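Asker: Sharing a structure, written as C-alpha coordinates. Questions coming.
The values are calculated or read from the model by the stated rules, or taken from the named source; none is laboratory data. Nothing here was measured: the structure is a model prediction, and the numbers come from that model. Here Cβ is always computed from backbone atoms with ideal geometry, including for glycine, and neighbour counts include all displayed protein chains.
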Amino acid sequence: MSWYYSKNGMQLGPVAEEELLAKSKSGEVAATDLIWKEGMSDWKPLGQVPEFQGSSPMAMTPPPTQMGSVPMQQPAPMNSNQMPGVIPNYLWQSIVVTVLCCMPFGVVSIVYAAKVDGLVARGDIAGATAASKSAKTWAIAAAASWLAIMAIYFLVFISAAASGNLN
(Lines give C-alpha, C1' and ligand atoms only; values in the text may rest on other atoms or scores of the structure.)
Protein backbone atom coordinates (compact mmCIF):
# COMPACT_ATOMS: atom_id res chain seq x y z
CA MET A 1 0.00 0.00 0.00
CA SER A 2 1.38 3.41 -0.95
CA TRP A 3 1.56 6.24 1.55
CA TYR A 4 1.79 9.99 1.04
CA TYR A 5 3.24 12.39 3.57
CA SER A 6 3.53 16.13 4.05
CA LYS A 7 6.84 17.73 4.96
CA ASN A 8 7.38 21.52 5.16
CA GLY A 9 4.14 22.17 3.29
CA MET A 10 5.06 19.86 0.41
CA GLN A 11 3.07 16.73 -0.39
CA LEU A 12 5.47 13.82 -1.04
CA GLY A 13 5.02 10.23 -2.08
CA PRO A 14 3.88 7.70 -2.87
CA VAL A 15 6.21 5.59 -0.74
CA ALA A 16 5.94 2.01 0.48
CA GLU A 17 4.99 1.46 4.13
CA GLU A 18 8.48 0.07 4.86
CA GLU A 19 10.11 3.20 3.42
CA LEU A 20 7.85 5.50 5.44
CA LEU A 21 8.60 3.46 8.57
CA ALA A 22 12.35 3.82 7.90
CA LYS A 23 11.93 7.58 7.36
CA SER A 24 10.07 7.87 10.67
CA LYS A 25 12.74 5.90 12.54
CA SER A 26 15.50 8.08 11.07
CA GLY A 27 13.60 11.24 12.04
CA GLU A 28 13.15 12.36 8.43
CA VAL A 29 9.38 12.12 8.96
CA ALA A 30 8.31 13.32 12.40
CA ALA A 31 5.43 11.97 14.48
CA THR A 32 3.57 15.23 13.82
CA ASP A 33 3.99 15.12 10.01
CA LEU A 34 0.75 14.33 8.24
CA ILE A 35 0.34 11.06 6.32
CA TRP A 36 -2.41 9.57 4.15
CA LYS A 37 -3.15 6.46 2.12
CA GLU A 38 -6.10 5.40 0.01
CA GLY A 39 -9.00 4.41 2.24
CA MET A 40 -8.26 7.00 4.95
CA SER A 41 -10.86 9.74 5.34
CA ASP A 42 -8.30 12.49 6.02
CA TRP A 43 -4.63 13.21 6.64
CA LYS A 44 -3.41 12.28 10.15
CA PRO A 45 -0.20 12.84 12.10
CA LEU A 46 2.11 9.84 11.70
CA GLY A 47 2.14 9.28 15.47
CA GLN A 48 -1.66 8.80 15.50
CA VAL A 49 -1.72 6.09 12.82
CA PRO A 50 -1.63 2.61 14.39
CA GLU A 51 0.88 1.21 11.87
CA PHE A 52 3.46 3.84 12.91
CA GLN A 53 2.81 4.46 16.61
CA GLY A 54 6.06 4.40 18.54
CA SER A 55 8.19 4.34 15.38
CA SER A 56 9.35 7.95 15.58
CA PRO A 57 12.29 8.71 17.88
CA MET A 58 10.98 12.22 18.48
CA ALA A 59 8.66 12.83 21.39
CA MET A 60 5.04 12.98 20.36
CA THR A 61 3.70 16.50 20.54
CA PRO A 62 0.02 17.23 20.28
CA PRO A 63 -1.09 17.85 16.71
CA PRO A 64 -2.16 21.34 15.74
CA THR A 65 -5.85 21.98 16.24
CA GLN A 66 -6.11 23.57 12.81
CA MET A 67 -4.10 22.38 9.82
CA GLY A 68 -4.32 25.75 8.05
CA SER A 69 -6.86 27.57 5.99
CA VAL A 70 -6.37 25.37 2.93
CA PRO A 71 -7.12 21.66 3.35
CA MET A 72 -4.63 19.28 1.76
CA GLN A 73 -5.84 17.57 -1.39
CA GLN A 74 -6.03 13.81 -1.49
CA PRO A 75 -3.61 12.62 -4.15
CA ALA A 76 -5.09 11.10 -7.28
CA PRO A 77 -4.63 7.34 -7.59
CA MET A 78 -1.62 6.61 -9.76
CA ASN A 79 -0.78 3.77 -12.10
CA SER A 80 2.45 1.96 -11.36
CA ASN A 81 3.81 3.34 -14.66
CA GLN A 82 2.90 6.95 -13.80
CA MET A 83 5.51 9.05 -12.03
CA PRO A 84 4.60 12.39 -10.48
CA GLY A 85 6.32 15.17 -12.37
CA VAL A 86 6.91 18.84 -12.27
CA ILE A 87 4.00 20.90 -13.53
CA PRO A 88 5.34 23.44 -16.05
CA ASN A 89 4.24 27.02 -15.52
CA TYR A 90 4.98 28.34 -19.06
CA LEU A 91 5.95 31.71 -17.59
CA TRP A 92 8.90 32.46 -19.83
CA GLN A 93 6.93 31.48 -22.93
CA SER A 94 4.10 33.76 -21.82
CA ILE A 95 6.46 36.67 -21.33
CA VAL A 96 8.10 36.12 -24.73
CA VAL A 97 4.80 36.09 -26.65
CA THR A 98 3.61 39.14 -24.71
CA VAL A 99 6.74 41.16 -25.45
CA LEU A 100 7.28 40.04 -29.04
CA CYS A 101 3.84 39.76 -30.51
CA CYS A 102 0.47 39.66 -28.91
CA MET A 103 -0.04 41.54 -25.66
CA PRO A 104 -3.72 40.77 -24.87
CA PHE A 105 -3.41 36.99 -25.12
CA GLY A 106 0.07 37.02 -23.61
CA VAL A 107 -1.07 38.88 -20.51
CA VAL A 108 -3.80 36.30 -19.89
CA SER A 109 -1.16 33.58 -20.30
CA ILE A 110 1.12 35.32 -17.76
CA VAL A 111 -1.72 35.51 -15.23
CA TYR A 112 -2.35 31.76 -15.45
CA ALA A 113 1.39 30.96 -15.47
CA ALA A 114 1.91 32.98 -12.29
CA LYS A 115 -0.71 30.89 -10.46
CA VAL A 116 0.89 27.47 -11.11
CA ASP A 117 3.71 27.46 -8.53
CA GLY A 118 1.51 28.85 -5.77
CA LEU A 119 -1.11 26.18 -6.37
CA VAL A 120 1.54 23.45 -6.33
CA ALA A 121 2.91 24.81 -3.04
CA ARG A 122 -0.58 24.66 -1.50
CA GLY A 123 -0.97 21.08 -2.69
CA ASP A 124 -3.67 21.90 -5.24
CA ILE A 125 -2.27 19.72 -8.01
CA ALA A 126 -5.52 19.71 -10.01
CA GLY A 127 -5.71 23.51 -9.90
CA ALA A 128 -2.03 23.84 -10.83
CA THR A 129 -2.48 21.48 -13.77
CA ALA A 130 -5.51 23.43 -15.00
CA ALA A 131 -3.65 26.75 -14.68
CA SER A 132 -0.66 25.27 -16.51
CA LYS A 133 -2.87 24.08 -19.37
CA SER A 134 -4.57 27.49 -19.56
CA ALA A 135 -1.21 29.31 -19.63
CA LYS A 136 -0.03 27.04 -22.45
CA THR A 137 -3.27 27.49 -24.41
CA TRP A 138 -3.17 31.29 -24.17
CA ALA A 139 0.53 31.40 -25.10
CA ILE A 140 -0.19 29.27 -28.17
CA ALA A 141 -3.18 31.49 -29.03
CA ALA A 142 -0.93 34.56 -28.80
CA ALA A 143 1.70 33.02 -31.07
CA ALA A 144 -0.94 31.78 -33.52
CA SER A 145 -2.59 35.20 -33.72
CA TRP A 146 0.80 36.77 -34.45
CA LEU A 147 1.40 34.23 -37.22
CA ALA A 148 -2.05 34.94 -38.68
CA ILE A 149 -1.41 38.70 -38.66
CA MET A 150 1.99 38.21 -40.32
CA ALA A 151 0.45 35.93 -42.97
CA ILE A 152 -2.22 38.54 -43.77
CA TYR A 153 0.43 41.27 -43.91
CA PHE A 154 2.56 39.16 -46.24
CA LEU A 155 -0.41 38.42 -48.52
CA VAL A 156 -1.35 42.11 -48.70
CA PHE A 157 2.27 43.05 -49.43
CA ILE A 158 2.57 40.41 -52.21
CA SER A 159 -0.80 41.47 -53.64
CA ALA A 160 0.25 45.13 -53.70
CA ALA A 161 3.58 44.25 -55.30
CA ALA A 162 1.88 42.13 -57.96
CA SER A 163 -0.56 44.91 -58.88
CA GLY A 164 2.22 47.48 -59.06
CA ASN A 165 0.91 49.65 -56.24
CA LEU A 166 4.14 49.42 -54.27
CA ASN A 167 6.21 52.64 -54.67
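Asker: Hey, can you tell me all the residues within the stretch 125-142 that are in contact (Cβ under 8 Å) with a residue 24 or more places away in the chain, surrounded by fewer than 19 Cβ atoms within 10 Å (Cβ to Cβ) and not polar (S, T, N, Q)?
Answerer: 125, 126, 136, 141
Asker: May I pose another question? Do you know which residues across the stretch 23-44 are surrounded by 21 or more Cβ atoms within 10 Å (Cβ to Cβ) and either among the small types (Gly, Ala, Ser) or farther than 15 Å from residue 13 by Cα (or both)?
Answerer: 24, 31
Asker: Does the stretch 119-132 contain any residue that is over 13 Å from the mean Cα position of the chain (by Cα) and not assigned by TED's automatic domain parsing to the domain that holds residue 34? Steps first, answer last, please.
Answerer: Taking the stretch 119-132 and keeping what is over 13 Å from the mean Cα position of the chain (by Cα), we get none.
No, the stretch 119-132 contains no residue that is over 13 Å from the mean Cα position of the chain (by Cα) and not assigned by TED's automatic domain parsing to the domain that holds residue 34.
Asker: While we're on this one: Count, please, the residues in the stretch 105-127 that happen to be aliphatic (A, V, I, L, M) and over 25 Å from residue 8 (Cα atoms). Spell out how you get there, then give the answer.
Answerer: Taking the stretch 105-127 and keeping what is aliphatic (A, V, I, L, M), we get 107-108, 110-111, 113-114, 116, 119-121, 125-126.
Subsequent filtering for residues that are over 25 Å from residue 8 (Cα atoms) retains 107-108, 110-111.
Total meeting the criteria: 4.
Asker: Condition (residue is modelled with pLDDT of 85 or more and either assigned to a helix (DSSP H, G or I) or within 19 Å of the chain's Cα centre (by Cα) (or both)) applied to the stretch 58-78: is it met by at least one residue? Walk me through it before giving the result.
Answerer: First pass over the stretch 58-78, keeping only residues modelled with pLDDT of 85 or more: none.
Looking for residues that are modelled with pLDDT of 85 or more and either assigned to a helix (DSSP H, G or I) or within 19 Å of the chain's Cα centre (by Cα) (or both), one finds none in the stretch 58-78, hence no.
Asker: Oh, and also: Look at the stretch 1-58 and say how many of its residues are at positive phi and in contact with a Phe, Trp or Tyr (Cβ under 6 Å, 6 or more places away or on another chain).
Answerer: 1
Asker: In the stretch 86-163, which helices (runs of 4 or more DSSP H) lie fully inside it and hold 2 or more residues that are among the polar types (S, T, N, Q)?
Answerer: Helices (runs of 4 or more DSSP H) meeting the threshold: 91-100, 125-163.
Asker: For the stretch 146-166, which residues satisfy the criterion of being modelled with pLDDT under 90, of a type outside the set (A, V, I, L, M, F, W, C) and surrounded by 10 or more Cβ atoms within 10 Å (Cβ to Cβ)?
Answerer: Passing the criteria: only 159.
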